[in-house]
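The values are calculated or read from the model by the stated rules, or taken from the named source; none is laboratory data. Everything quoted here is computed from the prediction, not taken from an experiment. Positions of Cβ are backbone-derived with ideal geometry, glycine not excepted, and every protein chain shown enters the neighbour counts. Accessible surface areas use protein heavy atoms only, side chains included; no ligands, DNA or RNA. Shrake-Rupley method; radii C 1.70, N 1.55, O 1.52, S 1.80 Å.
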Amino acid sequence: MRDMIKMVVVITLLSTLSGGLLAYLQEALGPQIEQQKLVFVKGPVLEALFEGAENKPVDSRFKLTVDGEETSFFVGVYDGQPSVVAFEAYGSGFGGNIGVMVAVDTTKDEIYGIGVTTHSETPGLGSRAKTDPAFAAGFRHLSVLESHKVKPDGGGVDALSGATVTSRGVVAAVNKADEIYKAHKDEIVQQAKALAL
Amino acid sequence: MAKTLTQEFTKGLWKEVPPFRLVLGLCPTLGVTTTLENGVGMGLATTFVLVCANLLISALRNVIPSKVRIACFIVVIATFVIVVEQVMQAFAYPLFLKLGVFIPLIVVNCILLGRAEAFASKNGIVSSLADGLGIGIGFTLSLGVLGSLREILGTGAITIPFGASYAVMPAAFEPFGFMVSAPGAFVALGLLLALMNLAPSK
């Protein structure tokens, strides 16, 4: 019986200490990790999206609370106007969530461009959502005021052949981004202006 | 226990070097050694976990009940692995992206549990430290050698860890792409094992 108690006490203590240490570490390193993700995961996608912008969109960002979660918005300045705003939305693909950075042209209410940030899709099939520029180009100039579908579902967006589920996931992420944009448009435009001034 | 500290340290470098002599920890050995940088990065991460886990387990060896010792070892090892993962994400994110799932997989690396069970739980703190350092550095060197072999043959260039890349092969060299793919790992490991067995072992 004493053995039993000792076993339980030792394991409990060890696990508690471990949990405490890891929670502290998470707290201490969280912001730094966030920053690194910004530079190495979202950075390249943002740079490709905002080609030709007059500012550095990775640095000009603001945060809004969307559906109870803090979301970063990145602002691109074109012709002196902070007209393009990009933010990330998620859709579920074949192997988990797909993160899609959606850039919206706020003057025309249309999609300026999209880029996949994180995914765990099948290499060579679904992974082309990130690497095939033709797929991303299919979203350009779509209106953000209506929702979209891939061609196999009777919509207008070209799906990746052999990766319909992934394509649906990306479209779902874009639709979610549209919803976020519609619900928060005034705030987004206002914040972008304030940032550019 | 008649071994000196130096012997505890140096046995990990040659006589009991994990991937080649003990043939342990082959999953990361085969998986990540496509380049020198990946190999060394993985080796250093493993060394850190190994040294910390060895120290803590050795310090707690009289407290841990023997019936639940494996569970306790795993808790200790897993904690340090997550520490490494978080620190790497915060300060070496590109390396973290390349090593990917192999970092969390250090938890199930048999070298760690093996050292904890076979050495740290039976020996004092100082010799456990020497043991952990020796085995860890031996592991890092092995991954480095394997990584550079595969990188040089597979791409014709070598990247100094966290530094610049140099072309080491003449321009006419046709990169042997097979060496950086998964089957190439087995071939490279086999060649190195054969070479090491050629050397006289007492």
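Return the residue satisfying two criteria in turn: it lies in segment A:79-109 and is open to solvent by 50 Å² or more (accessible area, probe 1.4 Å) and not small (G, A, S), and of such residues it is nearest to the chain's Cα centre (by Cα). The selected residue is A:Y90.
With respect to (1) open to solvent by less than 20 Å² (accessible area, probe 1.4 Å); (2) out of contact with any helix residue (DSSP H, G or I) (no Cβ under 7 Å at 6 or more places or on another chain); (3) at pLDDT below 85; (4) aliphatic (A, V, I, L, M), the lone exception for A:V144 is condition (2). Screening A:K42 against (1) within 13 Å of another protein chain (Cβ to nearest Cβ); (2) open to solvent by less than 30 Å² (accessible area, probe 1.4 Å); (3) in contact (Cβ under 8 Å) with a residue 60 or more places away in the chain leaves a single unmet condition, (2).
Within segment B:58-72, the set of residues being more than 10 Å from chain A (Cβ to nearest Cβ) and either surrounded by 16 or more Cβ atoms within 10 Å (Cβ to Cβ) or part of a loop (DSSP other than H, G, I, E, B) (or both) comprises B:S58, B:R61, B:N62. Take the conditions free of Cβ contacts under 8 Å to residues at least 24 places away in the same chain, open to solvent by 30 Å² or more (accessible area, probe 1.4 Å) and either farther than 15 Å from B:V76 by Cα or within 7 Å of chain B (Cβ to nearest Cβ) (or both) and apply them to A:A48. Does it pass? It is false that A:A48 is free of Cβ contacts under 8 Å to residues at least 24 places away in the same chain, open to solvent by 30 Å² or more (accessible area, probe 1.4 Å) and either farther than 15 Å from B:V76 by Cα or within 7 Å of chain B (Cβ to nearest Cβ) (or both). Being assigned to a helix (DSSP H, G or I), surrounded by 11 or more Cβ atoms within 10 Å (Cβ to Cβ) and under 19 Å from the mean Cα position of the chain (by Cα) is the filter here, so list the residues in segment B:146-183 that pass it. Correct list: B:L146, B:G147, B:S148, B:L149, B:R150, B:E151, B:V180. Within segment B:50-58, the presence of at least one residue that is under 27 Å from A:L21 (Cβ atoms) and under 10 Å from the mean Cα position of the chain (by Cα) is confirmed.
Within segment B:97-122, the set of residues being part of a helix (DSSP H, G or I), open to solvent by 30 Å² or more (accessible area, probe 1.4 Å), more than 13 Å from B:V49 (Cα to Cα) and within 14 Å of chain A (Cβ to nearest Cβ) comprises B:L97, B:K98, B:V101.
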